[in-house]
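The values are calculated or read from the model by the stated rules, or taken from the named source; none is laboratory data. Model, not experiment: these values are computed from the prediction. Because the Cβ atoms are built from the backbone with ideal geometry, glycine has one as well, and the counts that use them run over all protein chains shown. Note: areas computed on protein heavy atoms with side chains; ligands, DNA, RNA excluded. Shrake-Rupley method; radii C 1.70, N 1.55, O 1.52, S 1.80 Å.
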Amino acid sequence: PLPIYTQLPTYTPAEATASSIDQPPTSSMFEVLSKHPKLNCLNTTMDIFIDVFGVWVISTKSAPENYVLHTANVLAEFIDNDSDGIPDDVDVLKHLVEDNYVVPVWTTSERSDFWKTARGTYCEDNIGMAASMYYDEDQWALGGIKKKGTWDTNLEEVWHVVTRGWSGTYPEVFSVEKPSLLTDAMDVARGGYFKKVPSKYPPEAWYKYYDESCEYECQASEYIYWALMANIGALDPELTGKCADSADEWNICTADDLGYKDILISELLNDMGFKLPTRIPDGSYR
């Protein structure tokens, strides 16, 4: 049976102070390094490094620098969404930093070259790489989706990385593995608990992801991405056609519709005291 909550718990995340967290430069001033100062195994194939609150955006000199800087800015906006210079949840950031999470901006060929040289090194088992941006394949909205009117894949892939911090810090709430409040909500959205992707979702389901390579935990990661994007307004049809283009998988386009149709995830995102993003990152962190 699916759980029914009469009252969700509230959380008081750890607070950070300006003096306790290293603050990155402002939008156009992210320092680009040619070597990672600590992880030499990254330096074999990567030669662009940008420190964002201790989480690194990595790339090669073949990548357009404005693309790499855009990704770094989006990452900063997901970590410090209210742009006050302090991470919104210091424990989430701490998890990402301690697990050496990086955000690569590369091509599939560069990814292959990286892992060929990384095998057997410290990097193989000691860096976190939850998602990548591909500068030659993905959608880029430099300046933000409101300005460009097109989708920005950074909103998905960078959020997938930051999600690891939330799930690792608050597993009872955000874990992509059962049981958690996130997976409970997803089971309702999918019309039931399905360990494997079903051949057909129940008609009452509103989250229907049929990619069989995306197992349960992957499905949960995709689910919180869709829900957050709706919640912050990034799927609003007035901005882009993303929601309409993805209707076979997810068709809740606004925060109001999310609160009406997917009550559990809306309450998790809005009513439990977490400092989750509320603004759409546009690549202009200040």
Considering region 139-186, residues that are without any contact (Cβ under 8 Å) to a residue 60 or more places away in the chain and of a type in the set (D, E), and then whichever is surrounded by the most Cβ atoms within 10 Å (Cβ to Cβ), we arrive at E157
Is it true that some residue in region 109-124 is of a type in the set (V, I, T) and either in contact with a strand residue (DSSP E or B) (Cβ under 7 Å, 6 or more places away or on another chain) or crowded, with 18+ Cβ neighbours inside 10 Å (or both)?
no
Residue pairs qualifying under the 8 Å Cβ cut-off, at least six apart or on distinct chains, with the first in region 89-109 being among the hydroxyl-bearing types (S, T, Y) and the second being part of a helix (DSSP H, G or I) and open to solvent by less than 10 Å² (accessible area, probe 1.4 Å), are Y101/V161; Y101/G165
When region 204-255 is checked residue by residue, the ones that are over 21 Å from D187 (Cα atoms), in a helix (DSSP H, G or I) and open to solvent by 60 Å² or more (accessible area, probe 1.4 Å) are A244, D245
Scanning region 37-69 for residues that are hydrophobic (A, V, I, L, M, F, W, C), part of a loop (DSSP other than H, G, I, E, B) and within 22 Å of S167 (Cβ to Cβ) gives F53
When restricted to E212, E222, E172, E157, the only residue within 19 Å of T254 (Cα to Cα) and among the acidic types (D, E) is E222
Subset of region 256-286, residues more than 24 Å from A72 (Cα to Cα), surrounded by 21 or more Cβ atoms within 10 Å (Cβ to Cβ) and either touching a residue at least 60 places away in the same chain (Cβ under 8 Å) or not aliphatic (A, V, I, L, M) (or both), comes to D262, L264, I265, S266, L268
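Of A72, A141, which residue is assigned to a loop (DSSP other than H, G, I, E, B) and of a type in the set (A, V, I, L, M, F, W, C)? Give the steps one after another, and end with the answer.
Values: A72 fails: assigned to a loop (DSSP other than H, G, I, E, B).
Being assigned to a loop (DSSP other than H, G, I, E, B) and of a type in the set (A, V, I, L, M, F, W, C) holds for just one of A72, A141, which is A141.
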